[in-house]
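Down below is the structure, laid out as structure tokens.
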Amino acid sequence: MPFTLRRFLRRLRTMISSSDNEGPVSEDDRRPWEPPFDASKPAPPISYPITELAALASRSYLSDASNFHLPFNRASTPLPSPGAPLPPRRRVLVCHDMQGGYRDDAAPQGGANPDAYALWHWHLMDIFVYFSHYLVTLPPPCWTNTAHLHGVKVLGTFIAEWDKGAEICREMFATQDSAQMYAERLQELAATLGFDGWLINIEVKLDIQFIDNLKEFVNHLTDRMHAAVPGSLVIWYDAVTVNGHLNWQNKLNEYNKPFFDLCDGLFVNYTWKENYPQDSAAVAGERKYDVYMGIDVFGRNSYGGGQWNTNVALDLLKKDDISTAIFAPGWIYETKQPPDFQSAQNRAIQNGYLSTQISIRVVVIRYLPRVYKSPEIHGTIFLAKVFSFKDGQYSGGGCVTVKGGLNQNTIFSEQLFEASISMEDGPLHLFYSVKADTNCVVGLSLDLSSRNKGNTSVLIAENIATFHRKKKNHIYSTYVQSVKARALDNQNWVLYQATVQSCASYTMTGINIVCTLGTSGNINPETEEDGSLEADANILSAYQASLGHISIQDIDETMPFPPLESWEIEGEHISWSNSNASKLVSLKISWKLKTSHPATFTKYNIYVEKLTTDSIAKASRSFMGVASVEAFYVSDLQVPDEVTILKFIVQACGCDGSNQELEECPKFFLVPVVA
């Protein structure tokens with residue numbers, strides 16, 4: 001991408017500078033995978049790129065013997081509709097370029113920074129590219145898993161730049177066979193790690209003799225990706241031309257179209273002019289939605305200036321009905337936009353930074369919110385709906401918290417999602433988690449629309465009567481068969497399950513959160529009619545409740561967990577050391593089912609109990625972390641001398657948000673070594 005030197009120097013200054021002083025890179029600043037890193041040695045799992053062409057050719061990354069970290073870097077969440085093509089409309093590609101990549105997100109088992117960079121408006125995206133300036137950028141599995149939950153395809157990046165990049169290209173494209181071999185290496189990486197394709201950025205000048213083999217590389221990679229991963233994508237970046245010149249065209253034209261014709265799309269460089277989107281659409285013809293006009297959020301010669309004016313370019317692309325590629329949205333995070341990252345990013349979305357008028361496009365939905373509004377005052381309501389990273393999340397990420405003041409006979413409702421889901425094809429099964437203060441009631445309402453029958457809504461709540469008493473001018477439809485509640489051993493969260501009957505000719509168009517205060521005893525209808533309930537209209541009671549997740553499925557996956565005897569579990573790479581009065585142990589725990597089971601598990605909670613010879617004392621259970629694959633690495637666990645047995649517990653978590661009973665979970669027992 002152009003202006004790479006400027007960007008690189010800025011990145012370099014970030015990496016080698018403290019707030020006031022500049023100096024050499026310290027041990028703390030060095031990335032964990034940089035030399036003298038040995039990927040074959042057991043260590044806390046990390047995600048890392050491939051930096052040398054020889055390593056790509058040798059397949060060393062995909063060898064369990066040479067890469068201890070491989071199993072932890074496999075994405076575990078498939079797309080809701082694997083193999084589905086992109087929709088035939090204007091699309092949004094978001095290209096991650098944040099502080100050089102592989103920061104907090106490089107820890108597959110999670111990190112300790114609650115303020116790590118994140119995205120949470122996935123429903124506005126179609127494609128997510130994990131980008132860095134290393135030769136082969138492999139998306140950390142946390143990005144792939146999260147994107148896939150929301151139906152978003154994930155691409156890695158292959159980039160060749162500077163003098164070293166030119167040398168690499170001369171070796172890669174020396175022959176047709178070598179070009180095909182390296183294409184196959186990239187295809188194998190994507191298929192093995194579970195992501196959906198590649199952004200190819202050849203940002204060097206090439207002699208014309210290499211162009212045919214470069215084209216064969218693009219063609220072969222596209223063919224192999226489509227065969228190995230149905231629905232996958234290969235997207236070409238607008239840099240080197242078909243004549244071998246490094247000359248960014250900023251549009252689709254005869255100099256880059258030969259590459260566009262061999263793959264799934266073009267990421268147009270971001271210094272285009274006002275008429276270039278229309279020019280590109282004219283050249284693309286029926287494939288105009290495969291042209292992604294770049295917008296640099298940092299604003300480096302980008303149309304409209306980027307930053308808080310990014311919407312200027314977006315508005316033009318909407319008018320011209322062509323796709324967009326938003327580059328480096330981490331600008332908000334990196335430049336510390338006020339007042340804080342969360343508020344600033346939500347403000348950017350509200351201002352049209354990502355707005356695309358896209359409805360939810362999959363049946364399976366995992367909860368993340370829409371655009372948020374400022375606190376609202378509606379008479380007797382003073383409630384704010386906020387997306388919170390810190391209100392005791394249900395399962396990582398964030399939650400929606402509604403808090404403030406509410407009076408007894410008022411219902412607060414606000415839309416979370418726009419949707420377009422048919423209600424005619426059988427029942428839908430909804431699962432959602434709630435954590436609420438005493439007397440605070442939370443439910444969902446679904447907006448339904450029909451050309452023949454008009455509009456209606458469905459209320460989903462455990463105590464529907466509480467809402468019906470207060471909703472005088474609205475009658476909810478009775479399509480809900482049942483609502484079941486189950487308390488979870490997870491910071492006071494309650495999991496709700498509801499089944500909504502099929503509704504002939506109706507389409508779900510919206511999902512809303514509804515909030516009210518609980519009522520005690522019976523309300524006299526005469527009291528309601530004479531307005532006595534309005535007497536306390538100006539008296540507000542404190543209200544706080546959080547919504548942790550929503551899952552909507554067209555099949556009921558609430559099947560029982562496999563029994564204890566169905567599991568195999570083992571520990572390996574066990575290493576003991578001493579620290580003061582305690583021993584330290586590190587090990588890898590792996591588990592699997594002995595036979596296939598119809599249920600799928602989204603994650604596993606890992607616990608440890610430290611048992612002693614004291615038969616009276618109850619063993620304390622500690623939560624160690626979450627695994628998204630069937631393996632977990634324990635690093636330097638303290639083991640006091642009085643501990644005689646360590647009991648590791650692996651708790652499977654279902655798609656509906658439920659957890660296996662701990663008594664039925666697989667367990668690994670480890671006896672401490674005697675010094």
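Bear in mind these aren't lab numbers, they're just calculated from the coordinates by the rules spelled out. Quick caveat: nothing in here was measured; it's all calculated off a predicted structure. Counting neighbours? That spans all protein chains shown, and the Cβs are built from the backbone with ideal geometry, glycine included.
Points worth noting:
- Distance between the 7 Å Cα→Cβ label points at Ile539 and Ala228: 6.8 nm.
- Across segment 547-675, the mean sequence separation of Cα contacts (distance under 8 Å, 6 or more residues apart), normalised by length, yields a relative contact order of 28 percent.
- Close amide H partners of Phe327, meaning residues 5 or more places away or on another chain with modelled amide H under 5 Å apart, are Cys95, Ile295, Asp296, Val297.
- Restricting attention to segment 564-670, lysine pairs at least eight places apart or on different chains and with alpha-carbon atoms under 28 angstrom apart total 26.
- Peptides 280-288, 572-580, 430-438 ranked from most to least packed give 430-438, 280-288, 572-580, packing being the mean of other C-beta atoms within 10 angstrom over each peptide's residues.
- Spacing of the two label points (7 Å from each Cα toward its C-beta) at Val674 and Ala485, in nm: 5.4 nm
- Stretch gain in nm, segment Asp177-Ser40, where the contour uses 0.36 nm per residue and the Cα spacing is subtracted: 46.3 nm
- HN-Hα J in Hz across segment 319-335 - Karplus 6.51, -1.76, 1.60, θ = phi - 60°, x for Gly and Pro: 4, 7, 6, 9, 6, 10, 10, 8, 9, 6, x, x, 3, 4, 6, 5, 8
- Phi angles across segment 112-129 convert, under the Karplus curve 6.51 cos²θ - 1.76 cosθ + 1.60 with θ = phi - 60°, into 3J(HN,Hα) values of 9, 9, x, 9, 5, 5, 7, 10, 9, 10, 5, 5, 9, 10, 10, 9, 10, 10 Hz, Gly and Pro given as x.
- In terms of its alpha-carbon gyration tensor, segment 100-154 comes out oblate; a/c meets the 1.5 threshold, while b/c is at least as large as a/b.
- Overall form of segment 564-670: prolate. Here a/c, set by the Cα gyration tensor axes a ≥ b ≥ c, is 1.5 or more, and a/b is the larger of a/b and b/c.
- Rounded to the nearest Hz, the phi-derived 3J(HN,Hα) couplings of segment 639-648 under the Karplus curve 6.51 cos²θ - 1.76 cosθ + 1.60 (θ = phi - 60°) are 10, x, 4, 6, 6, 9, 8, 9, 10, 9, where x marks glycine and proline.
- For Lys205, the lysines whose Cα falls under 22 Å of its own Cα, not counting residues fewer than eight places away in the same chain, are Lys164, Lys215, Lys251, Lys257.
- Most to least packed among 60-66, 147-153 [average Cβ atoms within 10 Å]: 147-153, 60-66
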